[in-house]
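Asks: Pasting a structure here, questions to come.
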Amino acid sequence: MEDHYSVQYDRLDDEPLSVAVADAVATFRDKAVTELEPLHYSINADALERLFEPRADGLRSDGSVTFEYSNCLVTVTADGEIRVEST
């Protein structure tokens, strides 16, 4: 297994960021999303969405959040990268 997995998230897409995070972790762990614990056990998914959603003055240009989810360390950055690493 690779030591990390990275995917670019389109912040203007209709797919919720929380779904993209769960998909990235499932891909990294080679599991179905339904085999993972619910994301909200690890982070407030609504707050995660609000942190990176488009704002009135445009997209957030900097910042990141890192949290543990399903035995992985997940980092979401303002430029749309979702990085998953082993803990």
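Here, each number is a calculation from the coordinates, and none is a lab measurement. Here the structure is a predicted model, which is why all the values come from computation and not from measurement. So basically every Cβ, Gly included, is an ideal-geometry build from the backbone, and we count neighbours across all protein chains shown.
Asks: What angle, in degrees between 0 and 90 and rounded to the nearest 10, separates the Cα long axis of helix 17-29 from the longest principal axis of the Cα atoms of the chain?
Replies: So the inclination is approximately 30 degrees.
Asks: Where the only charges are on Cβ atoms (+1 Lys, Arg; -1 Asp, Glu), what is the dipole of the chain about its Cα centre, to the nearest 20 debye? It would help to have the intermediate numbers written out before the result.
Replies: Values: 7 positive and 19 negative charges, 35 e Å.
For the chain, the charge dipole is close to 160 debye.
Asks: Still on this structure, I have one more. Going by how many other Cβ atoms sit within 10 Å of their own, how do PHE28, PHE67, PHE52 line up, fewest first?
Replies: PHE67, PHE52, PHE28
Asks: Output the relative contact order of segment 4-86, whole-number percent, from Cα pairs under 8 angstrom with separation of 6+ residues.
Replies: Relative contact order here is 37 percent.
Asks: Moving on. Around SER70, what is the net charge, scoring Lys/Arg as +1 and Asp/Glu as -1 over all other residues with Cβ under 14 Å from its Cβ?
Replies: Neighbourhood net charge equals -4.
Asks: Answer with a single label: of (i) 63; (ii) 150; (iii) 85, which was calculated as volume of the Cα convex hull per residue in Å³ from the structure in view?
Replies: (iii)
Asks: Which residues among segment 18-32 fall inside the zone where the amide N is under 17 Å from a point 7 Å beyond the Cα of ALA47, along Cα→Cβ?
Replies: 18
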